[in-house]
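Everything on this sheet refers to the single structure shown next.
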Amino acid sequence: MNEEKASAYGDERLPRYTSYPTAPHFTAAVTPEVYARWLGELSPDLSASLYLHVPFCRQMCWYCGCNTTVMRSDAPIAAYVSRLLREIETVAGCMPHPLKVAHVHFGGGTPTIVAPQDFLSVMELLNRHFDLLPDAEIAVEIDPRRLDRPMARALREGGVNRASLGVQSFDPAVQQAINREQSYAVTAASVEMLQEAGITAVNFDLIYGLPHQTVASCRETARQCLTLRPARLSVFGYAHVPGFKTHQRLIDEAALPDGTERRRQAEAIAEVLCAGGYRRIGFDHYALPDDELSVAEREGRLHRNFQGYTSDASDVLLGFGASAIGRLPQGYVQNEPLPRRYSNLVEAAGLATVKGYALTADDRLRADIIERLMCDMVVDVGEICARHGTSPEPLMSAPRLAEVVHDGLASVEGCVVRVPEEARFFVRNIAAAFDAYLGQGGRTYSRAV
């Protein structure tokens, strides 16, 4: 594929396909009453994972695309936790039986902004209302600049066994340009604190495509990460959507790299990490060979969810907190994104559902195809269609699929679609060939690379 084609595909604005259909297609037709009914229909033999969102930070990072707000006082955070507890109790009360839980994830925002005792109260309530398995993975996202030893000890006491640290870049010029100054020493100290507390599985998040970032600085950041030996790394491309995230207007657009440079930065990070002993997982994750994510990838049981690539094979995802998304066999549900409105809704009725999506048979078929392609870089469309009782012909004759095959992003043999290693970064472009809603919804997505 020539440079012109690669740039065109890399610049395409596409979903990350952490769900299908994606969130812009959710509607207000899914109400709290619908959610309560769906919960009441859950079979007791289903497995579940839990996601809890804490939408607060002490300082706004200008690149951030998450649902968060700056909160410098502690009282509103404590009040939010009380609403979170009420929502957990309400959801549990709607279900006929406690579900077995193998994964719990605290995201944000900065989940560790809550007081240690409040975090323990949340974990105590989860253990009371759900059957948390002894080997459940309990993960929390952490801002290394805000972690202290009492919080690290509380995390471990609450059962946390995996921590995800935001790093983004160690380049001081980049950090200044995104309003997130965080030295290597600060990150290393957080890793040490977590390890001392007994949390040894640590992940790092990196970002490429940031202002003033270069291939050389990306390589150097990746090399510095290797010295701390995280279990996993997620490497995301910066999504510049200032019309959607207004604080991103503070970033100097003239300092942002173009599409070709972004792709070279992503490739440079991949080269350093792979040379350092990490396995490539999908198109943007890396893991040590003995990490569960690597094991799942080798055994063909990798999955996608709203945190990216995962070994979580749960039938149900229950989301708690402002903006949290849940996935049930019947469809998706999403909470009110604004913390104050979320709290008011929970206070009034126990649930804060404002939109969602009821899945169709075609949605489930396409979701299975897209997930396997995104996870395995190969998908047998015929085999999946046979399981769903339908013909693969309409999917295999999609014009976009023919286009990406012609341009060398994928190959087709029978009904098997395969992504060559050199096109791994473009898997979203290929997955889009199976997206029946592409171009609808009016949402600006991130660049494919």
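Some values worked out for this structure:
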quantity: Qualifying residue in the stretch 186-195 (condition: in contact with a helix residue (DSSP H, G or I) (Cβ under 9 Å, 6 or more places away or on another chain), farther than 25 Å from Leu293 by Cα, outside any loop (DSSP other than H, G, I, E, B) and at pLDDT below 95); calculated: no
quantity: Pairs where the first residue, in the stretch 273-286, is β-branched (Val, Ile, Thr) and the second is buried (at least 24 other Cβ atoms within 10 Å of the Cβ) and assigned to a loop (DSSP other than H, G, I, E, B), C-beta under 6 Å, 6+ apart; calculated: none
quantity: Test: residue in the stretch 223-241 that is under 18 Å from Arg13 (Cβ atoms), surrounded by fewer than 16 Cβ atoms within 10 Å (Cβ to Cβ) and in contact (Cβ under 8 Å) with a residue 12 or more places away in the chain; calculated: yes
quantity: Every residue from the stretch 359-377 that is part of a helix (DSSP H, G or I), more than 20 Å from Arg424 (Cβ to Cβ) and either in contact with a Leu (Cβ under 9 Å, 6 or more places away or on another chain) or polar (S, T, N, Q) (or both); calculated: Leu365, Arg366, Ala367
quantity: Which numbered condition Ala436 misses (of (1) in contact with a helix residue (DSSP H, G or I) (Cβ under 7 Å, 6 or more places away or on another chain); (2) more than 19 Å from Thr360 (Cβ to Cβ)); calculated: (2)
quantity: Matching strands (runs of 3 or more DSSP E) fully within the stretch 272-358 where at least 3 residues are at pLDDT 95 or above and more than 26 Å from Asp131 (Cβ to Cβ); calculated: 279-281, 285-287, 353-358
quantity: Selection from the stretch 433-449 of residues that are touching a residue at least 60 places away in the same chain (Cβ under 8 Å), out of contact with any strand residue (DSSP E or B) (no Cβ under 7 Å at 6 or more places or on another chain) and either under 26 Å from Leu256 (Cα atoms) or acidic (Asp, Glu) (or both); calculated: Asp435, Gly442, Arg443, Ala448
quantity: Scope the stretch 378-425; condition in contact (Cβ under 8 Å) with a residue 12 or more places away in the chain, in a strand (DSSP E or B) and not β-branched (Val, Ile, Thr); matching residues; calculated: Asp380, Arg418
quantity: Of all residues in the stretch 293-304 being touching a residue at least 24 places away in the same chain (Cβ under 8 Å) and surrounded by fewer than 20 Cβ atoms within 10 Å (Cβ to Cβ), the one that is nearest to Gly331 (Cα to Cα); calculated: His303
quantity: Flag for Thr90 being in the same structural domain as Asp315 (by TED's automatic domain parsing) and surrounded by fewer than 16 Cβ atoms within 10 Å (Cβ to Cβ); calculated: no
quantity: Selection within the stretch 25-70 - part of a loop (DSSP other than H, G, I, E, B) and either touching a His at 6+ places or on another chain (Cβ under 6 Å) or free of Cβ contacts under 8 Å to residues at least 60 places away in the same chain (or both); calculated: Ser43, Pro44, Asp45, Met60, Trp62, Cys66, Thr68
quantity: Some residue of the stretch 15-24 being modelled with pLDDT of 95 or more and part of a helix (DSSP H, G or I); calculated: no
quantity: Among (1) surrounded by 17 or more Cβ atoms within 10 Å (Cβ to Cβ); (2) out of contact with any Lys or Arg (no Cβ under 7 Å at 6 or more places or on another chain); (3) part of a helix (DSSP H, G or I) - the single one Thr112 does not satisfy; calculated: (2)
quantity: Residue match in the stretch 359-366 (condition: β-branched (Val, Ile, Thr), surrounded by fewer than 22 Cβ atoms within 10 Å (Cβ to Cβ) and modelled with pLDDT of 95 or more); calculated: yes
quantity: Residues within the stretch 68-85 that are surrounded by 17 or more Cβ atoms within 10 Å (Cβ to Cβ) and either among the hydroxyl-bearing types (Ser, Thr, Tyr) or modelled with pLDDT of 95 or more (or both), tallied; calculated: 7
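This table checks each residue for (1) touching a Gly at 6+ places or on another chain (Cβ under 7 Å); (2) crowded, with 20+ Cβ neighbours inside 10 Å.
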position	(1), (2)
Pro21	no, yes
His25	yes, no
Ala29	no, no
Arg37	no, no
Leu42	no, yes
Leu50	no, yes
Cys57	yes, yes
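The values are calculated or read from the model by the stated rules, or taken from the named source; none is laboratory data. Since the structure is predicted, the reported quantities are computational estimates derived from the model, not experimental observations. FYI the Cβ positions are ideal-geometry reconstructions off the backbone, even for glycines, and counts take in every protein chain you see.
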